[in-house]
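Participant: Before anything else, here's the structure in question.
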Amino acid sequence: MKVLKFGGTSVGSVDSIKQVIQILEKSISKGERTAVVFSAMGGATNRLIEIGRMAAAGNQEYFELLKVVEERHFATIRGLINVKQQSSTFAAIKGLFNELEDILRGVSLIRELTDRTLDLIMSFGERLSTVIITEALKNRNLKAEFCDARQLVRTNAHFGMAEVDFPVTNRLILEHFAKTSALQCITGFIGATPEGITTTLGRGGSDYTASIFGAALDAQVIEIWSDVDGMMTADPRKVPNAFTIPSISYAEAMELSHFGAKVIYPPSLQPAFAKSIPLKVLNTFNTDFEGTLVSRAANSKEYAITGISSIDDMALVNIQGSGMIGVAGISARLFTTLSDNNISVILISQASSEHSICFTIDPRNAERAQVVLEKAFETEMAMGDIDSITIEKNVSIIAIVGEGMRKSSGVSGRLFSVLGKNGINIIATAQGSSELNISVVISKNDLSKALNAIHGVFFLSETRSLNLFIVGVGLIGGTLLEQVRSQSAFLSGERLLKLNIVGLSNTRKMLLEPSGIAPDHWRDELDAHGVKTSIPAFVQRIIELNLPNSVFVDCTSDKDIVRHYGTLLDASISVVTPNKVANSGRYAEYQRLQRTALQRGVKFLYETNVGAGLPIINTIQGLMDSGDKFIKIEAILSGTLSYIFNTFGPQVRFADVVREAKAKGYTEPDPRDDLSGTDVARKILILAREVGVPMEPEEVKITPLLPENCLQAPTVEAFFAELESSNDYFENLLNEAEAQQGVLRYIATLDNNHATVQLRVVDARHPFYNLSGSDNIVSFTTERYKDRPLVVKGPGAGAEVTASGVFADIMSISSYLG
Ligand code: ADP
Ligand code: ASP
Ligand code: MG
């Protein structure tokens with residue numbers, strides 16, 4: 001004997017019922033005795049409840065809604081049964097709808113919907129669908145018989161969630177099956193009391209019906225046919241990367257379904273387990289797929305856990321007070337009060353100090369729970385032993401489940417660490433003593449992010465992914481995207497890392513695509529699908545998307561964008577940028593960003609703020625972290641000025657050098673922006689802060705390089721004219737340097753907590769003497785590098801090296817992922 005069950009998702013339409021019939025025909029043709037359980041057509045139960053409530057509220061529109069349900073069933077008859085044979089089925093279904101109409105009229109007259117009546121109303125869903133499918137099977141010459149489970153499944157009168165009387169039920173089922181050899185088409189979900197009053201077995205209860213029949217009949221297998229490829233590592237609707245669990249133990253399946261894996265109704269596992277009947281979860285729409293086998297054997301040992309599930313909408317009740325410490329019986333009274341009031345508790349967590357107990361319940365019971373508990377603990381509250389009973393709504397529970405957890409240590413560590421790295425706050429946690437399940441309570445807003453991040457860590461630990469949001473796709477941003485494109489095959493192959501470009505924005509357009517923007521067509525996609533840029537909206541959307549491992553990359557030099565860094569970091573989104581504005585403003589702002597990143601467990605990286613891709617900030621941070629002390633920093637931090645002074649020499653006019661530098665694109669449009677020294681000042685300011693000096697921008701002392709007349713010139717052309725006329729001034733500087741056998745260098749210095757920027761003469765013993773092109777150079781004198789300074793030297797400007805520095809920062813975030 002084999003018992004099959006088809007859920008609402010499998011019997012929701014004519015096409016899917018045709019698919020069901022094929023599956024049944026195939027099973028029967030193998031010669032095996034088969035029984036089949038059907039659910040109501042997908043969504044029908046919810047509709048019936050809605051109609052019942054409308055009727056009870058006196059809303060006469062229930063009638064129209066009922067007609068829609070009726071028409072859906074009639075259309076199903078027309079789609080499945082030959083015209084000639086349709087009439088008897090129409091008559092049967094019409095008869096059921098007439099009966100239902102009478103009941104609803106009664107409900108609407110007395111304006112009351114009891115649980116008992118609601119069960120009766122809901123029972124029509126299964127009765128209607130099963131009658132139609134039975135007739136459709138007969139129409140195909142199968143020996144099928146409608147079987148109303150109310151004749152066989154005996155329950156108590158706990159309406160909405162009736163308990164089964166197994167001895168009687170088993171006997172009735174065996175007697176019934178002994179009398180007939182026809183294929184029994186059984187209504188799922190419903191039963192009846194000894195008095196014959198209709199009951200239901202709880203939402204999703206058709207699975208239970210299948211298990212009850214399977215166990216009574218000692219079936220070889222119970223097959224649960226649904227719309228997914230078996231039981232999966234997580235709900236595929238919430239975690240796109242979820243995959244099928246090939247085999248799972250009853251206990252694990254029970255735990256997963258109890259915590260929200262709707263694919264099996266938890267009580268269904270018990271009768272099958274008691275008789276060791278294997279349960280298979282299969283996909284009606286992918287019949288060749290093997291699905292999941294639920295049996296006594298546990299899952300294979302490939303992963304540390306078997307699956308993840310969640311209950312999305314919960315309320316957390318917290319009772320706290322110092323008077324609870326060491327007082328026996330408080331929890332006993334607490335839970336007795338709840339159970340007396342029919343409020344079931346999903347998860348309990350008590351701090352070991354006994355100072356507080358918290359537990360989660362259905363939010364619909366929250367207000368009632370508060371009232372009954374405040375009443376029960378009236379005396380304790382009056383005496384101050386219990387301070388408060390508070391309720392927090394909009395929380396979710398996530399449970400990770402698996403037999404493997406017993407043997408492997410560190411599972412909870414991995415769980416908490418991935419939540420921490422994604423800035424997800426754990427409100428409460430509980431571990432079952434069976435060690436089969438660890439549950440966490442989190443804010444509902446974080447649910448999707450948490451599920452996907454946890455799934456990534458436990459099941460796809462080999463492949464990690466970063467979600468990138470890039471603002472500014474000009475020279476640096478564009479180069480970065482090109483580097484990402486050409487490197488992505490290597491990264492996914494060798495580093496098992498996927499860089500997902502989720503957001504892009506230039507000054508005109510922005511585009512956000514959670515499934516990722518292809519790095520080889522980003523320009524076309526941004527053009528074709530982008531909308532008008534609004535940075536606040538872009539930032540808002542990033543936060544709303546709440547994707548795990550999100551990184552905001554600012555490749556602009558914009559002053560307004562940096563205002564959003566704090567908000568982003570606060571939302572646990574890392575920030576990577578070559579933009580110096582944030583770090584060279586007020587010290588308090590710099591410090592705030594650093595602290596927020598630290599508190600949220602994310603990164604704020606800006607290696608390219610100074611010296612483009614050269615490892616300057618990383619070097620400082622490494623030395624600081626390892627306890628070195630900085631004595632002095634000297635640096636040439638402007639590629640432009642480096643070029644100018646490396647080229648300026650005897651027989652060369654200073655104005656010509658600047659003109660040439662401008663022509664080569666080494667300078668800003670107005671070369672005074674470089675020559676004024678403010679950019680270099682910003683860089684030494686950042687370095688000072690990195691070594692722990694809380695410096696403000698105005699504290700950096702700049703000795704002007706240009707004479708006043710050059711600085712004051714109204715236009716760039718006038719500036720060049722002034723440069724020409726000041727040629728003697730520059731020649732003098734050069735001569736003085738030569739007299740000292742030195743060269744001119746524009747140097748930023750941090751010494752004794754003072755920062756200066758000035759033109760200096762250095763001789764051949766100085767490490768800055770030999771410098772070529774537009775190189776940058778930084779020399780660190782520290783306690784460890786005292787005799788000979790640590791020197792970092794190389795190209796300190798250019799899109800290629802800056803982009804690769806940004807890329808390296810992004811990569812360093814990936815290595816930090818769980
Ligand atoms: P049926 O109507 O066939 O009884 P249900 O809607 O009750 O189907 O259950 C199937 C649904 O369960 C799937 O569509 C899926 O979204 C959800 N689900 C939740 N968790 C899981 C999981 N771990 N594996 C598979 N499906 C799951
Ligand atoms: N039709 C019922 C429900 O929607 C039972 C089931 O589908 O299993 O809850
Ligand atoms: Mg179901």
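Participant: For the structure I just gave you, tell me whether residue 97 is under 19 Å from residue 149 (Cβ atoms), in a helix (DSSP H, G or I) and touching a helix residue (DSSP H, G or I) at 6+ places or on another chain (Cβ under 6 Å).
Facilitator: In short, no.
Participant: Residue 243: more than 16 Å from ligand 2 (Cβ to nearest atom) and closer than 25 Å to residue 312 by Cα, yes or no?
Facilitator: yes
Participant: Just need a number here: residues in segment 561-607 that are under 25 Å from residue 416 (Cβ atoms), of a type in the set (Val, Ile, Thr) and not in a loop (DSSP other than H, G, I, E, B).
Facilitator: Residues flagged as under 25 Å from residue 416 (Cβ atoms), of a type in the set (Val, Ile, Thr) and not in a loop (DSSP other than H, G, I, E, B) within segment 561-607 amount to 2.
Participant: Next question. Looking only at residues in segment 591-602 that are out of contact with any Leu (no Cβ under 9 Å at 6 or more places or on another chain) and touching a residue at least 40 places away in the same chain (Cβ under 8 Å), which one is farthest from residue 633 (Cα to Cα)?
Facilitator: My answer is 601.
Participant: Can you find even one residue in segment 76-84 that is of a type in the set (Ser, Thr, Tyr) and either outside any helix (DSSP H, G or I) or in contact with a strand residue (DSSP E or B) (Cβ under 9 Å, 6 or more places away or on another chain) (or both)?
Facilitator: The answer is no; no qualifying residue exists.
Participant: Give the number of residues within segment 175-193 that are away from ligand 2 (no atom under 13 Å from the Cβ) and part of a strand (DSSP E or B).
Facilitator: Here the count works out to 4.
Participant: Still on this structure: Determine whether residue 384 is crowded, with 18+ Cβ neighbours inside 10 Å and more than 30 Å from residue 811 (Cβ to Cβ).
Facilitator: No: the conditions fail for residue 384.
Participant: Still on this structure: Residue check, residue 683 against (1) basic (Lys, Arg); (2) out of contact with any Leu (no Cβ under 6 Å at 6 or more places or on another chain); (3) within 21 Å of residue 791 (Cα to Cα), all met but one. Which one?
Facilitator: Evaluating residue 683 over (1) basic (Lys, Arg); (2) out of contact with any Leu (no Cβ under 6 Å at 6 or more places or on another chain); (3) within 21 Å of residue 791 (Cα to Cα) leaves (2) as the failure.
Participant: Suppose the filter is hydroxyl-bearing (Ser, Thr, Tyr) and either under 18 Å from residue 790 (Cα atoms) or outside any helix (DSSP H, G or I) (or both); does residue 619 pass it?
Facilitator: Answer is yes for this residue.
Residues are listed down the side, and each one gets a yes or a no for (1) at pLDDT 95 or above; (2) over 49 Å from the mean Cα position of the chain (by Cα); (3) farther than 30 Å from residue 619 by Cα:
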{"position": "750", "(1), (2), (3)": "yes, no, no"}
{"position": "757", "(1), (2), (3)": "yes, no, no"}
{"position": "760", "(1), (2), (3)": "yes, yes, no"}
{"position": "767", "(1), (2), (3)": "no, yes, no"}
{"position": "770", "(1), (2), (3)": "no, yes, no"}
{"position": "773", "(1), (2), (3)": "no, no, no"}
{"position": "778", "(1), (2), (3)": "yes, no, no"}
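Participant: Would you point out which residue out of 196, 205, 230 is modelled with pLDDT of 95 or more and either within 16 Å of ligand 2 (Cβ to nearest atom) or aromatic (Phe, Trp, Tyr) (or both)?
Facilitator: 205
Participant: On to the next question. When you check residue 253 against the structure, is it crowded, with 21+ Cβ neighbours inside 10 Å, assigned to a helix (DSSP H, G or I), under 30 Å from the mean Cα position of the chain (by Cα) and in contact (Cβ under 8 Å) with a residue 40 or more places away in the chain, yes or no?
Facilitator: In short, yes.
Participant: Considering only segment 28-40, state which residues are within 13 Å of ligand 3 (Cβ to nearest atom) and outside any strand (DSSP E or B).
Facilitator: Listed by number, the residues that qualify are 39, 40.
Participant: Need pairs with beta-carbon distance below 9 Å; first residue closer than 14 Å to residue 132 by Cα and within segment 58-79, second among the hydroxyl-bearing types (Ser, Thr, Tyr) and assigned to a helix (DSSP H, G or I); sequence gap 6+ or separate chains.
Facilitator: Cβ pairs passing all conditions: 73/129; 76/129; 77/89.
Participant: Can you tell me which residue among 172, 137 is part of a helix (DSSP H, G or I), surrounded by fewer than 19 Cβ atoms within 10 Å (Cβ to Cβ) and touching a residue at least 12 places away in the same chain (Cβ under 8 Å)?
Facilitator: Just one listed residue meets the conditions, 172.
Participant: Against the condition within 30 Å of residue 414 (Cβ to Cβ) and either touching a residue at least 12 places away in the same chain (Cβ under 8 Å) or surrounded by 14 or more Cβ atoms within 10 Å (Cβ to Cβ) (or both), how does residue 768 come out, does it pass?
Facilitator: Against the criterion (within 30 Å of residue 414 (Cβ to Cβ) and either touching a residue at least 12 places away in the same chain (Cβ under 8 Å) or surrounded by 14 or more Cβ atoms within 10 Å (Cβ to Cβ) (or both)), residue 768 does not qualify.
Participant: Given the conditions (1) modelled with pLDDT of 95 or more; (2) touching a strand residue (DSSP E or B) at 6+ places or on another chain (Cβ under 8 Å); (3) outside any helix (DSSP H, G or I), report the number of the one that residue 24 does not fulfil.
Facilitator: Residue 24 satisfies all of (1) modelled with pLDDT of 95 or more; (2) touching a strand residue (DSSP E or B) at 6+ places or on another chain (Cβ under 8 Å); (3) outside any helix (DSSP H, G or I) except (3).
Here is a yes/no grid of residues against (1) in a helix (DSSP H, G or I); (2) touching a residue at least 40 places away in the same chain (Cβ under 8 Å):
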{"site": "470", "(1), (2)": "no, yes"}
{"site": "476", "(1), (2)": "yes, yes"}
{"site": "493", "(1), (2)": "yes, no"}
{"site": "515", "(1), (2)": "no, no"}
{"site": "525", "(1), (2)": "yes, no"}
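Participant: Looking at (1) closer than 25 Å to residue 11 by Cβ; (2) near ligand 1 (Cβ under 7 Å from one of its atoms), find the lone condition where residue 234 falls short.
Facilitator: (1)
Participant: Tell me whether segment 173-195 contains one or more residues that are aromatic (Phe, Trp, Tyr) and away from ligand 1 (no atom under 16 Å from the Cβ).
Facilitator: Yes, there is a match, as at least one residue in segment 173-195 is aromatic (Phe, Trp, Tyr) and away from ligand 1 (no atom under 16 Å from the Cβ).
Participant: Checking the structure you have, find out if any residue of segment 206-223 is within 8 Å of ligand 1 (Cβ to nearest atom), assigned to a loop (DSSP other than H, G, I, E, B) and surrounded by fewer than 18 Cβ atoms within 10 Å (Cβ to Cβ).
Facilitator: No - not one qualifying residue is present in segment 206-223.
Participant: I would also like to ask the following. Just checking, does segment 663-672 include any residue being assigned to a helix (DSSP H, G or I), under 16 Å from residue 642 (Cα atoms) and in contact with a helix residue (DSSP H, G or I) (Cβ under 7 Å, 6 or more places away or on another chain)?
Facilitator: yes
Participant: Just name the residue that is nearest to ligand 1 (Cβ to nearest atom) out of those in segment 10-39 that are buried (at least 21 other Cβ atoms within 10 Å of the Cβ) and more than 15 Å from residue 227 (Cβ to Cβ).
Facilitator: Selected residue: 37.
Participant: Does any residue in segment 204-220 that is closer than 17 Å to residue 253 by Cα come within less than 6 Å, Cβ to Cβ, of a residue that is polar (S, T, N, Q) and within 16 Å of ligand 1 (Cβ to nearest atom) six or more places away or on a different chain, and which pairs are these?
Facilitator: 206/39; 207/268; 208/268; 211/268
Participant: Among the listed residues 70, 50, which satisfies the condition of being within 16 Å of ligand 2 (Cβ to nearest atom) and surrounded by fewer than 22 Cβ atoms within 10 Å (Cβ to Cβ)?
Facilitator: 50
Results for (1) in a loop (DSSP other than H, G, I, E, B); (2) within 14 Å of ligand 1 (Cβ to nearest atom); (3) buried (at least 20 other Cβ atoms within 10 Å of the Cβ), shown as yes or no for each residue.
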site	(1), (2), (3)
261	yes, yes, yes
268	no, yes, yes
271	no, no, yes
277	yes, no, yes
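Participant: In the list 755, 799, which residue meets the criterion of being touching a residue at least 60 places away in the same chain (Cβ under 8 Å), out of contact with any strand residue (DSSP E or B) (no Cβ under 9 Å at 6 or more places or on another chain) and of a type outside the set (Asp, Glu)?
Facilitator: 799
Participant: Being in contact with a Gly (Cβ under 7 Å, 6 or more places away or on another chain) and over 15 Å from residue 252 (Cβ atoms) is the filter here; which residues of segment 385-438 pass it?
Facilitator: Across segment 385-438, the qualifying residues are 385, 386, 387, 414, 417, 418, 420, 421, 423.
The values are calculated or read from the model by the stated rules, or taken from the named source; none is laboratory data. Since we're looking at a predicted model, the values are computed, not measured. A quick note on method: Cβ atoms are made from the backbone with ideal geometry, for glycine too, and the neighbour counts reach across all protein chains shown.
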